[in-house]
Amino acid sequence: MFAEQAGAPRAAASRRPRLSEAARRVVWRLVYRLYERRLAREVAAGPLPRHVGIILDGNRRHARLAGLSDPGEIYRLGAAKLDEILAWSAELGIPMITLWVFSPANLGRPEAEVGGILGAVEAKMRALVADPHIRSRGVRLAAIGRRDILPPALLAAIDAAEDATSGNDGMTVTLAIGYGGREEIADAVRALLAECAGAGMDCAAAAAAVSPEAIRRHLYLGGMPDPDLIIRTSGEIRLSGFMLWQSVHSELHFCDATWPAFRRIDYLRAIRAFQRRDRRFGR
């Protein structure tokens, strides 16, 4: 008798209808949306970074998982993610975003892959100029990096985007294209020494003129505030040369999601992690 009563609830539970896969997806989406809204409210109430740098990593890994092989299609997915980052940042009121798109070391990749990356960036730059959200949000587009390694068509698209948005002052979006941190520092020192030579300084005087402040003035965008937060996608835990000079006091956040799969919730979690750090700037 006791055994029968003990087993009754279990038997009743086994007869309860199970949710279908479609119903489970609906429930999960609802739970996810509620959590995302709560997280967004929490983040909006805290101190926000003024400048966020993002290392866009994981395009190829995402392509393998999705069964994609065309380089153009792979990197168009990554370029499309930029629209979402702009929207999320505008909602929060983050005034400056820098995205590392392509480094000089990437030139060693297969030609089709390099062409896919640069072609996607060129198309995206041209699309952004025509995007009404760029004007309504007051987005100014800029680019940093070694221009001499970029194709003429991409350089023309960059120049057109910078010229068309130069008067905007709501948000600055900088694409690091052909960019490497070591190259930037070397170029800055070279420009400083050229300035010293132009002023008629001898070697001793030029050496005395080298200082952190003087080098900073000759960085690609010397007036750019240092990034408060640097995010890298795809689970890699390294900077790989991104903003080496500027990242001395940056908070770092490494996210497992690949760049094309990077979600608003991932962005909010990165900012929440930043808000929980005790920033002492070496003091």
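Here V248 fulfils each of the conditions (1) farther than 30 Å from L150 by Cβ; (2) of a type outside the set (F, W, Y); (3) surrounded by fewer than 18 Cβ atoms within 10 Å (Cβ to Cβ) apart from (1).
For region 40-69, the set of residues classified as open to solvent by 70 Å² or more (accessible area, probe 1.4 Å) and in a loop (DSSP other than H, G, I, E, B) consists of A45, P47, R50, S69, listed by residue number.
The residue pairs whose first member lies in region 186-201 and is open to solvent by less than 60 Å² (accessible area, probe 1.4 Å), whose second member is not in a helix (DSSP H, G or I), and whose beta carbons are closer than 6 Å, counting only pairs six or more residues apart or on different chains, are A188/H218; A188/L219; A191/H218; L192/H218. Applying the criterion of being of a type in the set (D, E, K, R) and either surrounded by 15 or more Cβ atoms within 10 Å (Cβ to Cβ) or under 16 Å from the mean Cα position of the chain (by Cα) (or both) to the residues of region 136-155, the residue that is farthest from V173 (Cα to Cα) is R146.
Pairing each residue of region 243-267 that is under 24 Å from E184 (Cβ atoms) with any residue that is modelled with pLDDT under 95 and in a helix (DSSP H, G or I), provided the two are 6+ apart or on different chains, yields C-beta distances under 6 Å for W259/N59; W259/G78.
The C-beta contact set for region 14-42 (first residue closer than 30 Å to R272 by Cβ, second residue modelled with pLDDT of 80 or more and of a type in the set (V, I, T), distance under 8 angstrom, 6+ apart or interchain) comprises Y32/I265; Y35/I265; E36/I265; L39/I265.
The values are calculated or read from the model by the stated rules, or taken from the named source; none is laboratory data. Predicted model only: the values in this text are computed from it and were never measured. Ideal geometry is used to build each Cβ from the backbone, glycine not excepted, and the neighbour counts take in all protein chains shown. SASA here: full protein model, heavy atoms, side chains in, ligands and nucleic acids out. Shrake-Rupley method; radii C 1.70, N 1.55, O 1.52, S 1.80 Å.
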